[in-house]
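Derivation of every value follows stated rules applied to the coordinates shown; laboratory data play no part. Please read all numbers here as calculations on a predicted model, not as lab measurements. FYI the Cβ positions are ideal-geometry reconstructions off the backbone, even for glycines, and counts take in every protein chain you see.
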Amino acid sequence: METLTCEDDVKPIVVVDRIIKIGGAAISDKTQFETLLPDNLKQICQLLKQNYKNLILIHGAGSFGHHQAKENDLINGCLNLEDYS
């Protein structure tokens, strides 16, 4: 049986330069159901690619989640899953 040393078990470390959150309204038309704004998305991606090497990107749901959230009244809290069984 092979014995591992600490040096054998070392994982590479990735340094994250930034954590960026893009609002869903920046990449989708919230007035239209599930409608992407591809030009906005492309421009944002190009800017991020040019300016950041290691980042974590978080994005909002925009029109891909807000209509469903409103329809299910999620502003008032979580769904009771028993109501949908």
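Okay, here's what the table says:
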quantity: Residue in segment 47-68 that is in contact with a helix residue (DSSP H, G or I) (Cβ under 6 Å, 6 or more places away or on another chain), surrounded by 11 or more Cβ atoms within 10 Å (Cβ to Cβ) and part of a loop (DSSP other than H, G, I, E, B) present; calculated: yes
quantity: Qualifying positions in segment 11-26 - over 11 Å from L57 (Cα atoms) and in contact (Cβ under 8 Å) with a residue 40 or more places away in the chain; calculated: V14, G24
